[in-house]
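Step one of this worksheet: look at the structure below.
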Amino acid sequence: MQFYGTEIPSRLLLGTAQYPSPAVLAEAVKSSGTGTITVSLRRETADGSGAGFWETLRETGCRILPNTAGCHSVQEAVTTAHMARELFDTPWIKLEVIGHSDTLQPDVFGLVEAARILSDEGFQVFPYTTDDLVVGERLLEAGCEVLMPWGAPIGSGQGLRNPDALRAMRAHFPGVPLIVDAGIGRPSDAAMAMELGMDAVLLNTAVAKAGDPARMAAAMAQAIDAGRAGFAADPMERRDMAVPSTPVLGLAEFA
Amino acid sequence: MITIAGAGLAGLACAYELAQRGAKVTVYERGNTPGDSSVARFAGGMLAPWCERESAEEEVITLGSRTFGWWAKITPVHRRGTLVVAPARDRAELTRFGRRTSGHREVNSAEITGLEPALGGRFSQGLFFEQEAHLDPRRALRDLSAKVQEMGVEIRYSTPAPARVTLDCTGMAASLPGLRPVRGEMAVLHCPEVKISRTLRLLHPRMPLYLVPRGDGYFMIGGTMIESSSDRAITLRSLSELLNAAFTLHPAFAEASVVETGAGLRPAFPDNLPRLTEQGGTLFLNGLYRHGFLLAPAMAQQAADRLIPETTDENHRERQTA
């Protein structure tokens with residue numbers, strides 16, 4: 001699996017916020033087997049003052065995907081991306097432009113604009129978007145090579161609210177890496193995303209707020225592996241009538 | 001003679017434990033009043049091990065259980081419990097909180113009104129942690145420093161510590177491997193119209209709030225948890241979220257005066273638990289994180305055990321089981 005030409009070792013991408021402690025976070029990262037972690041960069045820490053916490057993240061050995069979580073305008077997101085590039089020395093940026101403070105729904109207009117600006121500046125943009133096909137097309141035109149549609153609102157744990165839209169995205173963007181970002185609550189949600197043909201899953205709260213984050217991280221990783229294998233194995237079609245799994249013809253005759 | 005750097009919460013608690021064991025103790029403090037430069041000034045002063053267990057390791061309960069008696073010998077401890085409530089739409093938060101903690105019972109609207117009449121009819125469901133308590137952090141620091149001085153401890157204010165001390169309790173000023181700052185922000189409200197007598201916690205998926213009564217119509221509200229080393233004044237966003245949450249608890253807070261805001265850096269190790277470490281012949285007590293008043297007594301006892309090992313087996317046994 002590759003994003004922007006970079007091979008990633010696991011189809012699970014893990015967020016690093018809201019864990020009970022950095023030690024629990026490090027344990028969860030380890031048991032998830034992920035190779036990619038996201039880090040939110042806020043004004044509060046943009047001057048490098050989060051260094052103590054970032055040290056923990058660097059020690060995990062994972063590739064860091066900085067994000068612009070909590071940015072409500074194009075300007076804010078672009079500025080945050082610049083800081084992230086400097087601090088983490090990576091062209092990768094998970095782009096969030098939030099349009100609605102209650103649902104944290106992306107502002108897709110601002111998102112496309114910010115994606116264009118950042119792509120032109122050489123960033124490799126991972127846009128957090130809705131499952132809208134036209135927005136997806138616009139993001140690709142703006143220079144994105146990966147799309148991150150939501151499953152449900154951030155942190156809601158509702159699972160995939162519109163699997164049909166994700167299926168349509170898969171069909172519409174066959175060669176584009178699709179990462180379901182946000183909304184995953186349980187391992188079955190992650191498995192379902194992978195069965196729909198998504199390339200990866202990004203989640204945070206479902207692991208961070210579990211009673212045993214390390215165990216939930218491992219469960220998510222297993223679900224993602226199972227879902228991916230299920231998709232790759234080409235599952236049977238649904239049928240409306242029963243078909244006996246033992247042959248009907250050639251039954252033994254009892255004379 | 002035992003020398004301690006830092007007359008904050010950890011330094012004073014250790015001085016107390018060491019003086020108890022007959023040691024001659026000198027404490028060096030760069031500030032000029034007790035706890036002047038200590039992040040404990042901004043603490044809630046909650047002695048709430050069962051609530052804290054929601055996001056902390058089991059040690060907060062095992063180490064925190066003897067904090068009540070320890071503090072009661074030094075400063076007024078208000079053992080009135082903690083009442084945890086949530087707005088109707090965040091009831092799932094209450095379910096989760098209850099599942100992750102112990103030492104509580106569910107309370108309904110009438111019981112909540114019975115406990116805190118001011119909240120009457122505002123919340124239909126809550127959790128009551130009856131055994132928990134709170135104290136006034138600044139008064140506790142003053143009382144503790146007076147107590148240790150009474151016991152013969154010398155506190156040298158406005159005096160930097162010598163290059164080498166027996167025990168270092170300087171919080172973020174100590175450079176220890178793995179130690180990081182976690183920024184916390186708080187505000188103090190004055191609102192004599194609202195009568196609340198115990199710690200309240202308002203659960204909210206984005207901005208959980210605690211409110212600790214300080215008496216005479218004063219309330220401390222907190223607290224944010226931000227991975228940052230910035231000690232600048234509270235941000236507008238944090239302050240507005242805190243004030244909004246207070247308003248959700250009781251609309252009369254709309255008329256409260258915001259008499260103080262503050263921000264401090266809590267020292268924490270990666271597991272968010274305090275540690276005793278030795279480096280270059282000095283013992284360090286650090287990493288009390290957001291559990292200073294809760295865990296300082298147990299950690300000070302451990303520090304004293306390291307510096308003045310108990311002599312008789314009987315004493316030792318007593319301390320182990322105390």
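With both labels modelled 7 Å from their Cα along Cα-to-Cβ, the B:PHE247 to A:ALA252 distance reads 7.9 nm. Counting only Cβ charges, +1 for Lys and Arg and -1 for Asp and Glu, the dipole size of the protein assembly as shown around its Cα centre is about 1440 debye. Using a Förster distance of 30 Å, how high is the FRET efficiency between A:TYR4 and A:HIS72, based on the Cβ-Cβ distance and rounded to 0.05? Given R0 = 30 Å and the Cβ-Cβ separation, E is 0.70. Shielding by partners for peptide A:19-25, expressed as the average number of C-beta atoms from other protein chains within 10 Å of each residue's C-beta, is 6.
With a cut-off of 15 Å between beta carbons, the residues surrounding B:VAL212 carry a summed charge of +3, where Lys and Arg count +1 and Asp and Glu -1. Per-residue mean of foreign Cβ neighbours for B:222-233 is 5 (Cβ atoms of other chains, 10 Å radius). Just A:GLU141, A:GLU96, A:GLU237 to compare: in a GNM of chain A, with alpha carbon springs under 10 Å, which one fluctuates most? Most flexible of the set in this elastic network: A:GLU237. Calculated mean residue ellipticity, 222 nm, chain B: -9000 deg cm²/dmol, from DSSP H runs (n ≥ 4) at -39500 (n - 2.57) each, averaged per residue and rounded to 500. Considering only B:GLY217, B:GLY171, B:GLY121, give the residue with the highest GNM mean-square fluctuation for chain B, with springs between Cα atoms whenever their separation is below 10 Å. Evaluated over chain B, the most mobile residue of the options is B:GLY121.
For chain B, a/c is not less than 1.5, where a ≥ b ≥ c are the root eigenvalues of the C-alpha gyration tensor, and a/b tops b/c. That puts it in the prolate class. For B:ALA72 and A:ASP89, what does the FRET efficiency come to when R0 = 45 Å and r is the distance between their Cβ atoms, rounded to the nearest 0.05? It comes to 0.25.
Once both axes come from the Cα atoms, what is the angle between helix B:137-150 and the longest principal axis of chain B, in degrees from 0 to 90, rounded to 10? Taking the Cα atoms of chain B, the angle to B:137-150 is about 30 degrees. With the simple model of a label 7 Å out from the Cα in the direction of the Cβ, A:HIS100 to A:GLU237 spans 3.7 nm. Computed over protein heavy atoms with a 1.4 angstrom probe, the accessible surface ordering of A:ASP189, B:ASP136, A:ASP240, largest first, is A:ASP240, B:ASP136, A:ASP189.
Once both labels are positioned 7 Å from their Cα atoms along Cα-to-Cβ, the gap between B:MET207 and B:THR33 label points is 3.0 nm.
How much length is gained on full extension from B:VAL258 to B:ARG139, taking 0.36 nm per residue of separation minus their Cα-Cα distance?
Gain on extension, B:VAL258 to B:ARG139, equals 40.8 nm.
Among B:ILE196, B:ILE221, B:ILE308, the residue with the largest mean-square fluctuation in a Gaussian network model of chain B, with springs joining Cα atoms closer than 10 Å, is B:ILE308.
Placing unit charges on each Cβ (+1 for Lys and Arg, -1 for Asp and Glu) gives the protein assembly as shown a dipole about its Cα centre, and among A:GLN2, A:THR34, A:ALA229 the Cα reaching farthest toward its positive end belongs to A:THR34. Of the DSSP beta bridges with both residues in the protein assembly as shown, give the percent that are antiparallel, rounding to the nearest 5. Percentage antiparallel, nearest 5: 55. How many Å² of accessible surface get buried when B and A come together, counting both sides, probe radius 1.4 Å, rounded to the nearest 100? About 1500 Å² of accessible surface is lost on pairing.
Could you tell me which of rounded, prolate or oblate describes the protein assembly as shown, using a ≥ b ≥ c as the square roots of the eigenvalues of the alpha-carbon gyration tensor, with rounded for a/c under 1.5 and, failing that, prolate when a/b is larger than b/c and oblate otherwise? Because a/c hits 1.5 or more and a/b exceeds b/c, the protein assembly as shown counts as prolate. Ranking A:MET220, B:MET172, B:MET207 by solvent-accessible area of protein heavy atoms (1.4 Å probe, all protein chains present), from largest to smallest, gives B:MET172, B:MET207, A:MET220.
Only lysines eight or more places from B:LYS24 in sequence, or on another chain, were considered; those with a Cα closer than 25 Å are B:LYS73, B:LYS147. In a reduced charge model with +1 at each Lys and Arg Cβ and -1 at each Asp and Glu Cβ, region A:20-132 shows a dipole moment near 320 debye about its Cα centre. Rounding to the nearest 10 and keeping the result within 0 to 90°, find how far the Cα-based axis of helix B:9-20 lies from the longest principal axis of chain B. Between helix and principal axis, roughly 50 degrees. The order of B:GLU255, A:GLU7, B:GLU17 by accessible area, most exposed first and with a 1.4 Å probe, is B:GLU255, A:GLU7, B:GLU17. Would you tally the net charge around A:PRO163, using a Cβ to Cβ cut-off of less than 12 Å, leaving A:PRO163 out, and scoring K and R as +1, D and E as -1? Within the 12 Å Cβ shell, the charges total -1.
Using heavy atoms of the protein chains and a probe of 1.4 Å, the accessible area assigned to A:MET169 is about 0 Å².
In percent, rounded to a whole number, the relative contact order of region B:1-93 is 20, using alpha-carbon pairs under 8 Å and six or more apart.
Taking every protein chain into account, the accessible area of the protein assembly as shown amounts to 44 square angstrom per residue (probe 1.4 Å). The charge dipole of region B:2-106, taken about its Cα centre with unit charges on the Cβ atoms of Lys, Arg (+1), Asp and Glu (-1) only, comes to about 280 debye. Once the Cα atoms of helix A:74-88 and of chain A are each reduced to a long axis, what angle between those two axes, in degrees from 0 to 90 to the nearest 10, is obtained? Helix A:74-88 sits roughly 90 degrees off the main axis of chain A. Using the rule -39500 (n - 2.57) for each DSSP H run of four or more residues, divided by the residues of chain A, the 222 nm mean residue ellipticity is -12000 deg cm²/dmol. Label reach from B:ARG156 (point 7 Å along Cα→C-beta): in region B:3-34, amide nitrogens under 12 Å belong to B:3-6, B:26-30. Within a straight-line Cα-Cα reach of under 18 Å, A:LYS209 can be paired with the following aspartates and glutamates, leaving aside sequence neighbours fewer than 8 residues apart in one chain: A:GLU27, A:ASP181, A:ASP189, B:GLU52, B:GLU54, B:GLU57, B:GLU58, B:ASP90, B:GLU93, B:GLU227, B:ASP271. Charge tally for B:PRO267 (other residues, Cβ to Cβ under 15 Å; Lys, Arg +1; Asp, Glu -1): +1.
The values are calculated or read from the model by the stated rules, or taken from the named source; none is laboratory data. Small disclaimer: the values here were computed from a predicted structure and weren't measured. Heads up, the Cβs are rebuilt from the backbone with ideal geometry, glycines too, and the neighbour counts pull from every protein chain shown. SASA here: full protein model, heavy atoms, side chains in, ligands and nucleic acids out. Shrake-Rupley method; radii C 1.70, N 1.55, O 1.52, S 1.80 Å.
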